Amino acid sequence: MTRQHTDPVVLLQDLIRIPSLNPPGDEVACAQFCADILDAIGFAVTVIGFGERRVNLIAHPPGRPPGGNLGFSGHLDTVPLGGKAWTYPPFSGECVDGRVYGRGSSDMKGGIAAFMSACARHHANTGHCPDVTIILTGGEETGCEGAAALATSPLLADCMFRGLLIGESTRNYPILGHKGVAWFECTAEGRTAHAAMPEFGVNAIYTATDAIARIRAVDLGADDPIIGKTTINIGTFQGGLNINSVPDRATFTVDARTGSADSHVRIADTIQKCLCNAISLQKRLDIPPVVASSNDPFVQAVRTIATRHGIPDRGIATVPYFTDAAILSPAFGNAPAVIIGPGEPDVAHQTDEFCPVDALLTATNLYHDCIEAFGPTSEL
């Protein structure tokens with residue numbers, strides 16, 4: 001057993017130094033790094049491809065199939081860097097003033113590093129592989145593509161879990177659910193003409209921006225009492241080929257974050273009513289919200305363990321971003337899922353992303369206690 005295995009700070013730094021930006025999407029090197037460590041801890045490890053250089057990883061105790069125990073899920077991919085300069089190189093993993101900096105440090109290589117370190121500690125203390133199944137996915141940032149592929153994988157057929165820990169950024173607070181998401185692409189068609197004679201054309205950008213103004217003004221309905229309000233954001237816009245022509249095509253995308261599965265149909269209808277006949281609508285992603293029951297024994301046990309590590313109990317807390325829990329929980333027998341990880345949600349996807357060292361160490365201890373609590377002798 002090496003320090004690389006048991007020290008979550010060193011492990012996180014090493015993970016940050018392996019770029020896994022999505023897009024374009026390439027988790028191979030990062031997955032292989034994790035596979036080597038998990039193999040040394042005693043896991044049976046399988047890496048499964050779901051596209052060109054796109055992979056998921058499954059690790060479980062040898063001699064039996066995955067599942068039937070505690071599950072941990074994390075995603076290997078990160079968002080791109082953005083255009084702003086970083087104070088510390090984004091793939092350096094520099095540790096400064098109690099923070100590990102780098103792309104993916106909070107979202108969510110910190111959670112992966114903490115959980116693998118907790119598993120390594122268990123192995124060092126007992127000589128045995130911990131009784132957990134680890135699911136590391138690709139493609140989460142662009143719509144849970146890896147998790148969706150795993151949901152139909154023969155390796156996980158009929159797989160059930162006692163509970164799932166999703167290691168996303170929560171400052172180690174136990175989060176019981178998150179909003180759903182629906183992505184739409186809208187394409188406006190027009191007629192090109194010389195810019196000096198615009199009256200002979202139909203400007204697709206004008207058609208699209210008129211529709212955007214209507215979408216921004218719509219009534220999104222009542223807030224969900226647990227998850228909160230539905231929101232809409234125009235994420236991208238493309239239109240026109242050259243400055244001196246009337247553009248005959250414009251495309252924009254809509255990101256809706258929803259409080260209930262029922263609201264997905266309503267949102268689609270609402271957007272459609274904002275479009276004229278010259279605009280087509282296509283749904284690109286549809287992920288429902290997910291909320292674990294606060295009365296579930298697994299959920300209650302995780303919340304109790306968290307309080308023992310100084311994490312205040314905030315009751316039934318949810319987050320606006322989506323996670324692989326929305327795919328994995330229903331795929332595996334509606335296993336209760338608690339979203340809990342050391343990262344800082346406020347710096348996810350931002351320049352100078354970081355993960356606090358103290359939160360990383362707390363998460364490692366917390367995860368280790370979960371591994372012990374939900375082992376083979378647990379009553380849960």
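State which residue is surrounded by the most Cβ atoms within 10 Å (Cβ to Cβ) when the search covers only segment 29-54 and only residues that are charged (D, E, K, R) and farther than 18 Å from residue 6 by Cβ. Show your work before the answer.
Residues of segment 29-54 that are charged (D, E, K, R), as a first pass: 36, 39, 52-54.
From the residues that got through so far, the ones that are farther than 18 Å from residue 6 by Cβ too are 52-54.
Values: 52: 9, 53: 12, 54: 23.
Here the answer is 54.
Kindly establish whether residue 158 is assigned to a helix (DSSP H, G or I), in the same structural domain as residue 326 (by the TED database) and open to solvent by 10 Å² or more (accessible area, probe 1.4 Å).
Numbers: assigned to a helix (DSSP H, G or I): no; in the same structural domain as residue 326 (by the TED database): yes; open to solvent by 10 Å² or more (accessible area, probe 1.4 Å): yes.
Answer is no for this residue.
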Worksheet entry | Enumeration of residues in segment 193-239 that are crowded, with 16+ Cβ neighbours inside 10 Å, modelled with pLDDT of 95 or more and assigned to a loop (DSSP other than H, G, I, E, B) | 193, 201, 203
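Step by step: first the residues of segment 120-141, then only those that are among the charged types (D, E, K, R) and under 30 Å from residue 81 (Cβ atoms), then the one that is surrounded by the fewest Cβ atoms within 10 Å (Cβ to Cβ). Which residue is that? Steps first, answer last, please.
From segment 120-141, those among the charged types (D, E, K, R) are 121, 131, 140-141; that's our starting set.
Subsequent filtering for residues that are under 30 Å from residue 81 (Cβ atoms) retains 140-141.
Numbers: 140: 26, 141: 22.
Residue satisfying both the conditions and the ranking: 141.
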Worksheet entry | Of all residues in segment 277-298 being among the β-branched types (Val, Ile, Thr) and under 20 Å from the mean Cα position of the chain (by Cα), the one that is least open to solvent (accessible area, probe 1.4 Å) | 287
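Listed here are the residues, each with its yes/no results for (1) modelled with pLDDT under 95; (2) of a type in the set (A, V, I, L, M); (3) touching a His at 6+ places or on another chain (Cβ under 6 Å).
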position: 100; (1), (2), (3): no, yes, no
position: 111; (1), (2), (3): no, no, no
position: 133; (1), (2), (3): no, no, yes
position: 156; (1), (2), (3): yes, yes, no
position: 164; (1), (2), (3): no, yes, no
position: 170; (1), (2), (3): no, no, no
Worksheet item: Mind checking which pairs have a first residue in segment 225-238 that is under 27 Å from residue 279 (Cα atoms) and a second that is among the basic types (Lys, Arg), Cβ under 7 Å, 6 or more apart or different chains?
Response: 230/257; 231/257
Worksheet item: Of all residues in segment 254-276, which are more than 19 Å from residue 208 (Cβ to Cβ), open to solvent by 40 Å² or more (accessible area, probe 1.4 Å) and at pLDDT 90 or above?
Response: 257, 269
Response to the item:
Only unsatisfied item for residue 276, checking (1) assigned to a loop (DSSP other than H, G, I, E, B); (2) under 30 Å from residue 371 (Cβ atoms), is (2)
Item to complete: Check off (1) in a helix (DSSP H, G or I); (2) at pLDDT 95 or above for residue 355 and give me the number that stays unchecked.
Response: (1)
Discussion item. Can you report the number of residues in segment 332-367 which are open to solvent by 40 Å² or more (accessible area, probe 1.4 Å) and aliphatic (A, V, I, L, M)?
Written reply: 1
Item to complete: State yes or no: is residue 71 touching a Phe, Trp or Tyr at 6+ places or on another chain (Cβ under 6 Å) and either of a type outside the set (Asp, Glu) or not assigned by the TED database to the domain that holds residue 169 (or both)?
Response: yes
Worksheet, complete the sentence: Across (1) out of contact with any Leu (no Cβ under 7 Å at 6 or more places or on another chain); (2) open to solvent by less than 10 Å² (accessible area, probe 1.4 Å), residue 107 clears everything bar (2)
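The values are calculated or read from the model by the stated rules, or taken from the named source; none is laboratory data. Please read all numbers here as calculations on a predicted model, not as lab measurements. Here Cβ is always computed from backbone atoms with ideal geometry, including for glycine, and neighbour counts include all displayed protein chains. Heads up: the accessible areas ignore ligands, DNA and RNA and are worked out on the full protein's heavy atoms, side chains in. Shrake-Rupley method; radii C 1.70, N 1.55, O 1.52, S 1.80 Å.
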